[in-house]
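**Q** This is the structure, below, for whatever I ask next.
The values are calculated or read from the model by the stated rules, or taken from the named source; none is laboratory data. None of the values given here were measured: they were computed from a predicted structure. Glycine gets a Cβ as well: all are built from the backbone with ideal geometry, and neighbour counts include every protein chain shown. When the accessible area is computed, the model is the full protein with side chains, heavy atoms only, and any ligands, DNA or RNA have been set aside. Shrake-Rupley method; radii C 1.70, N 1.55, O 1.52, S 1.80 Å.
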Amino acid sequence: MEKKRLLLLLILILTISIMVYAGPGPPPTVFTTNWYEMRGGTDNAGVADAVGPAGIPIITCNTSIASANFTTTPVAFNDVVAIGDSGNGQMHFFNTTNCTLLKSYTVGADILSTPTMTDTIVYFGSADGRVYALDYTTNPNPTHIWNYSTGDSIRASPTLDRTNSILYIG
């Protein structure tokens with residue numbers, strides 16, 4: 001029993017020593033570019049001249065959609081970014097390289113639910129109480145696959161269990 005206590009004490013001392021020796025880790029990344037305005041500056045270019053953590057470029061999509069009120073978190077899959085719009089009840093799809101608007105789909109009610117994407121389908125909820133599934137790869141517009149009425153406005157974001165092909169939304 002005494003040997004077990006000594007061994008546990010030794011492990012504890014080594015663990016604390018390693019934590020103290022390792023210190024708090026590297027200093028946080030400091031960005032030299034400040035964004036004082038939305039979309040990066042007065043020119044609304046939408047591209048930062050800074051690089052985020054691990055070399056990830058920071059990009060915002062400048063758009064000419066007059067009534068746009070982007071209310072969801074953008075979601076990207078391959079070369080497409082999807083973002084919901086409560087200003088005109090549309091799901092918009094942008095090119096990830098240059099942020100050009102590829103297409104939009106109108107549901108007619110606010111979209112407050114962040115979408116979930118696969119390689120061809122986007123799922124999202126709307127204030128009209130429906131969950132939508134669209135094929136966003138079709139041209140010129142996304143193709144409606146199905147919708148399901150929940151009976152109440154949807155703000156929650158869907159989660160897709162890809163293994164069992166189940167879509168969850170709360």
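**Q** Taking the stretch 81-108 as the region of interest, how many residues are under 19 Å from L167 (Cβ atoms) and out of contact with any Pro (no Cβ under 8 Å at 6 or more places or on another chain)?
**A** So the answer is 1.
Each row is one residue, and each column tells you yes or no for (1) closer than 12 Å to M91 by Cα; (2) touching a strand residue (DSSP E or B) at 6+ places or on another chain (Cβ under 9 Å); (3) not in a strand (DSSP E or B).
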site	(1), (2), (3)
T114	yes, yes, yes
D128	no, yes, yes
T137	no, yes, yes
P140	no, yes, yes
G151	no, no, yes
I154	no, yes, yes
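**Q** Of all residues in the stretch 87-110, how many are open to solvent by 20 Å² or more (accessible area, probe 1.4 Å), at pLDDT below 90 and in contact with a Leu (Cβ under 7 Å, 6 or more places away or on another chain)?
**A** Qualifying residue count, the stretch 87-110: 1.
Residue-wise test of (1) of a type outside the set (A, V, I, L, M, F, W, C); (2) over 17 Å from the mean Cα position of the chain (by Cα).
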{"residue": "A109", "(1), (2)": "no, yes"}
{"residue": "P115", "(1), (2)": "yes, no"}
{"residue": "V122", "(1), (2)": "no, no"}
{"residue": "V131", "(1), (2)": "no, yes"}
{"residue": "T138", "(1), (2)": "yes, yes"}
{"residue": "G170", "(1), (2)": "yes, yes"}
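**Q** Here is a follow-up. Count, please, the residues in the stretch 62-86 that happen to be open to solvent by 40 Å² or more (accessible area, probe 1.4 Å) and either at pLDDT below 80 or not β-branched (V, I, T) (or both).
**A** So the answer is 12.
**Q** Residues of the stretch 154-164 being farther than 12 Å from F124 by Cα and open to solvent by less than 80 Å² (accessible area, probe 1.4 Å), which ones?
**A** Result: D161, single match.
**Q** Next question. Condition first: open to solvent by 40 Å² or more (accessible area, probe 1.4 Å), of a type outside the set (A, V, I, L, M, F, W, C) and touching a residue at least 40 places away in the same chain (Cβ under 8 Å). Now tell me which residues in the stretch 111-136 satisfy that.
**A** Once the filter is applied, which keeps residues that are open to solvent by 40 Å² or more (accessible area, probe 1.4 Å), of a type outside the set (A, V, I, L, M, F, W, C) and touching a residue at least 40 places away in the same chain (Cβ under 8 Å), the stretch 111-136 yields only D119.
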